[in-house]
Amino acid sequence: MESSGCDEMQEIVIVGGGLCGLATALALHRKGVKSVVLEKSETLRSAGAAIGVLPNGWKALDQLGVASHLRTTALPLQGMRITWMDKGNEKFTPYKNIGEVRCLKRSDIIETFADALPPKTIRFGCDIVSVEMDPITSLPSLLLSNGKRIGTKVLIGCDGWRSIVASFLGLKPAKTFRTCAIRGLTSYPNGHSFPFEFVRLIVGQTAVGRLPITDKLVHWFVAVQQGTDAKFPQDTQVIKQRAMGAVSGHPADVQEMIEKCDLDSLSFAHLKYRAPWDLMFGNFREKTVTVAGDAMHVMGPFLGQGGSSGIEDAVVLGRNLAKTINGSCFDHEEALDQYIKERKMRVVKLATQSYLTALLIENRPMLTKIFVVIVMAIFFRNPSAHTQYDCGLL
């Protein structure tokens with residue numbers, strides 16, 4: 001097919017080499033479909049330190065064929081323990097009724113995905129400037145910052161909450177929670193004595209979370225309330241000092257955990273989300289262009305589903321796009337429509353529950369919180385039902 005002004009033509013281009021982008025490439029590869037991943041960074045990126053993976057995420061990882069290996073990188077968590085330190089209250093929820101829960105280093109997931117892909121699938125240093133439809137072929141094309149133009153039959157935006165592809169589709173910008181988070185990792189060469197539980201320690205409007213990954217590595221976060229227009233330091237020493245200041249009233253082992261953290265793992269940013277109503281009414285396909293992962297449905301970490309839901313997207317995308325190869329689906333547009341149909345209500349429900357949970361955590365009027373409690377009781381009677389979702393076979 002002739003292309004207007006494109007330097008090369010690809011079957012499927014994925015913008016973004018993060019969790020969802022590499023998972024999508026891997027899902028397609030498992031189905032025998034070739035794709036190219038364009039990543040802005042010069043190397044694999046793993047910002048965010050670590051993520052919790054719930055049972056639905058493990059089902060998706062099993063479909064990608066990497067779950068067994070990733071299980072060797074992290075030990076299972078036994079439950080979640082929340083302590084309101086200023087009130088002296090504590091609540092423990094065992095995970096045995098939910099299923100497999102582990103905290104994985106992002107770099108372990110990213111590297112596992114990348115290692116399972118064919119050579120040259122990922123192209124680094126590809127900064128996308130714009131997306132447009134080729135006037136001759138009516139197919140999408142990408143302009144890179146180096147002036148090169150790449151045409152493709154299918155374009156999948158997995159380029160995060162600031163997605164250029166989402167902007168092309170006309171999706172509304174991601175919104176900002178009042179909550180911001182400092183995230184990091186701490187290594188204990190001689191081992192730590194923490195129980196294998198997701199622990200949350202709450203004092204006023206500050207929450208500290210701790211999730212052991214192995215017997216020598218711990219993921220942690222400090223969540224604080226801050227204005228949505230606040231600027232954040234990028235210097236890791238400054239971030240560490242901000243975290244130390246926030247936990248000054250916490251137990252000594254928490255302060256030691258932050259004091260001995262791996263500086264390279266630190267990040268400090270506002271939590272972003274795409275509003276549930278924007279997901280409900282948003283346009284997620286234009287011809288053969290779509291989005292997945294945070295580019296589609298960035299959500300707060302309040303359910304622990306941000307990463308897993310993106311991996312679910314990848315499985316569903318791979319399953320449906322493969323149908324265009326084996327002849328059971330008429331064309332790429334039909335395949336993308338089926339993908340969106342399968343994913344839309346799933347991500348709307350996740351985004352809604354996450355948003356309502358955020359309203360309960362943040363400093364909101366009491367009437368707002370009472371209303372949220374009522375809505376949650378009606379629509380999310382089983383608050384952990386989202387962990388039992390199955391995205392299906394690849």
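The values are calculated or read from the model by the stated rules, or taken from the named source; none is laboratory data. This one's a predicted model, so the numbers in the text were calculated from it and none came from an experiment. Here Cβ is always computed from backbone atoms with ideal geometry, including for glycine, and neighbour counts include all displayed protein chains. Side chains included, ligands, DNA and RNA excluded: accessible areas come from the protein's heavy atoms. Shrake-Rupley method; radii C 1.70, N 1.55, O 1.52, S 1.80 Å.
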Out of (1) in contact with a Gly (Cβ under 9 Å, 6 or more places away or on another chain); (2) buried (at least 20 other Cβ atoms within 10 Å of the Cβ); (3) closer than 19 Å to G57 by Cβ, the one F302 does not meet is (1)
Given the condition farther than 29 Å from S187 by Cα, small (G, A, S) and more than 19 Å from the chain's Cα centre (by Cα), answer yes or no: does some residue in segment 17-28 qualify? no
By residue number, the members of segment 288-299 that are open to solvent by less than 30 Å² (accessible area, probe 1.4 Å) and within 16 Å of the chain's Cα centre (by Cα) are V291, A292, G293, A295, M296, H297, V298, M299
Of all residues in segment 246-268, count the ones that are under 15 Å from A181 (Cβ atoms) and either of a type outside the set (S, T, Y) or outside any strand (DSSP E or B) (or both). 7
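Quick grid of which residues meet (1) touching a strand residue (DSSP E or B) at 6+ places or on another chain (Cβ under 6 Å); (2) modelled with pLDDT of 95 or more:
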| site | (1), (2) |
| --- | --- |
| V165 | yes, yes |
| G184 | yes, yes |
| P189 | no, yes |
| P195 | no, yes |
| V199 | yes, yes |
| V203 | no, no |
| A207 | yes, no |
Pull up segment 56-73, narrow it to residues that are under 23 Å from R183 (Cβ atoms) and either outside any loop (DSSP other than H, G, I, E, B) or not β-branched (V, I, T) (or both), then point me to the one that is nearest to the chain's Cα centre (by Cα). G57
Output the number of residues of segment 176-211 satisfying the condition of being outside any strand (DSSP E or B), of a type outside the set (G, A, S) and more than 19 Å from F268 (Cα to Cα). 8
Of all residues in segment 165-189 being closer than 27 Å to F284 by Cβ and without any contact (Cβ under 8 Å) to a residue 40 or more places away in the chain, which is surrounded by the most Cβ atoms within 10 Å (Cβ to Cβ)? S167
Can you name the condition, by its number, that I374 falls short on among (1) more than 30 Å from T152 (Cα to Cα); (2) in contact (Cβ under 8 Å) with a residue 12 or more places away in the chain? (2)
Just to be sure I understand the filter: pairs with C-beta atoms under 7 Å, separated by 6 or more residues or on different chains, first member in segment 80-98 and open to solvent by less than 70 Å² (accessible area, probe 1.4 Å), second member of a type in the set (S, T, N, Q). Which pairs pass? M80/T93; P94/Q78; Y95/Q78; I98/S384; I98/T387
Taking segment 43-69 and keeping residues buried (at least 17 other Cβ atoms within 10 Å of the Cβ), under 19 Å from Q388 (Cβ atoms) and not aliphatic (A, V, I, L, M) leaves G52, P55, N56, G57, W58, K59, Q63
Examine segment 136-158 for a residue that is farther than 19 Å from D294 by Cα, under 24 Å from the mean Cα position of the chain (by Cα) and modelled with pLDDT under 95, and state whether such a residue exists. no
All positions within segment 212-239 that are closer than 20 Å to V199 by Cα and either open to solvent by 20 Å² or more (accessible area, probe 1.4 Å) or among the small types (G, A, S) (or both): T214, D215, K216, L217, F221, A223, V224, Q225
Restricting attention to segment 272-287, the residues that are surrounded by 22 or more Cβ atoms within 10 Å (Cβ to Cβ) and either without any contact (Cβ under 8 Å) to a residue 24 or more places away in the chain or outside any helix (DSSP H, G or I) (or both) number exactly 3
Considering every residue within segment 308-324, establish whether at least one is open to solvent by 40 Å² or more (accessible area, probe 1.4 Å) and modelled with pLDDT under 95. yes
